[in-house]
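The values are calculated or read from the model by the stated rules, or taken from the named source; none is laboratory data. Just so it is clear, the model here is predicted, and its values are computed rather than measured. Because the Cβ atoms are built from the backbone with ideal geometry, glycine has one as well, and the counts that use them run over all protein chains shown. The accessibility values were calculated without ligands, DNA or RNA, using every heavy atom of the protein model including side chains. Shrake-Rupley method; radii C 1.70, N 1.55, O 1.52, S 1.80 Å.
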Amino acid sequence: MKTTLKRNRTYQDVFREIVAELKDVEDTGELPTYIPELSAVDPNKFGVHLTTIKHGHCFLGDSNEKFSIQSISKVLSLTLAFKRLGERIWERVGVEPSGSAFNSLVQLEHEKGIPRNPLINAGAIVVCDILVSCLDDPKNELIEFIQNLSGNSGIDYVPRMAELEKRTGYRNVALANLMKDFGNIHNDIETVLDIYFHLCSIEMSCKELAETFLFLASNGVSPITNELVVNASKAKRINAIMQLCGFYDEAGEFSFRVGLPGKSGVGGGIVAIHPGKYSVAVWSPRLNRKGNSYKGMMVLEALTTKTKSSIF
């Protein structure tokens, strides 16, 4: 299905223009080195997929190839926890931009074990702790929720990546222990971190990501499954958190340049939402100094500039 813009242009035309314009632009980003699986990815991979709430699809490049979505998945665990716990979730985690590194121990200690927001590492660990308290079988129920949300039973944890996350996750262990000391982790630390490491191991393609996040462009109702995921108020708040906190300490830059709610991951993926219109996912593995996809940021900035489709 073609998705038409003004003057008979389509999003597909816009993507072709963007790729042509960026062809000779040097990608100065670098692959992450702390997880071997991520450092072994072909740095020249590139994919983009846009899905509209009216079932239009536009895509280019490696948009059907799965990659590690890493921290992008934190939005999905937050959605399930918010759905189950409601407003009480904000007693355990804030909604403010961090302004610091995503795994800062200093900030967490200064704020007495209450993470600034649910999309930094400490906040996502608290969300996993909430799921352990709320669910009978949290690890399985979380992935089933994501599968149902996407309409795709093939989306799953990747055990080898979860194990690598665990082997290199010393800072996350420290964050969890510090919050336990402040009384903000209620369950067994190993159980909570096991869910967190598996959450970060999920792989999706750009197409799967765009479809999974489409409920946030449609007032909490998934156009893929026609089911209510969260109510419109909760969808609005999740979008707001993505707008403010979705890019570590580069959230302001993303808002300034792109002007959409979004979330990045160190696997090189970015998903962005235009409420009422579309969800778009881009993948380019090289990261800038803040840990966000260098080319992905450029593509999304060009998309909203050319189509005048920022929320601002």
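Restricting attention to region 189-224, the residues that are free of Cβ contacts under 8 Å to residues at least 12 places away in the same chain and among the charged types (D, E, K, R) add up to 1. Using the structure shown, decide if residue 69 is open to solvent by 30 Å² or more (accessible area, probe 1.4 Å), closer than 17 Å to residue 238 by Cβ and not polar (S, T, N, Q). No: the conditions fail for residue 69. Could you tell me whether region 289-308 includes any residue that is within 25 Å of residue 142 (Cα to Cα) and of a type in the set (Val, Ile, Thr)? The answer is no, given that none of the residues of region 289-308 is within 25 Å of residue 142 (Cα to Cα) and of a type in the set (Val, Ile, Thr). Examine region 65-86 for a residue that is closer than 21 Å to residue 288 by Cβ and in a strand (DSSP E or B), and state whether such a residue exists. For region 65-86, residues closer than 21 Å to residue 288 by Cβ and in a strand (DSSP E or B): present. For region 241-256, the count of residues that are in contact with a Lys or Arg (Cβ under 8 Å, 6 or more places away or on another chain), of a type in the set (Gly, Ala, Ser), at pLDDT 95 or above and within 28 Å of residue 40 (Cα to Cα) is at least one. Taking region 33-66 as the search range and keeping residues that are out of contact with any Asp or Glu (no Cβ under 8 Å at 6 or more places or on another chain) and surrounded by 21 or more Cβ atoms within 10 Å (Cβ to Cβ), which one is nearest to residue 201 (Cα to Cα)? Per the stated criteria, the residue is 38. For region 211-312, list the helices (runs of 4 or more DSSP H) that sit wholly inside it and hold at least 2 residues that are touching a Gly at 6+ places or on another chain (Cβ under 6 Å) and surrounded by fewer than 24 Cβ atoms within 10 Å (Cβ to Cβ); which are they? In region 211-312, the matching helices (runs of 4 or more DSSP H) lie at 232-245, 294-307.
Kindly indicate whether residue 60 is modelled with pLDDT of 95 or more and in a helix (DSSP H, G or I).
Values: modelled with pLDDT of 95 or more: yes; in a helix (DSSP H, G or I): no.
The answer is no for residue 60.
Here residue 99 fulfils each of the conditions (1) surrounded by 23 or more Cβ atoms within 10 Å (Cβ to Cβ); (2) assigned to a loop (DSSP other than H, G, I, E, B); (3) of a type outside the set (S, T, N, Q) apart from (1).
Against the conditions (1) buried (at least 23 other Cβ atoms within 10 Å of the Cβ); (2) at pLDDT below 95, residue 115 satisfies every one except (2).
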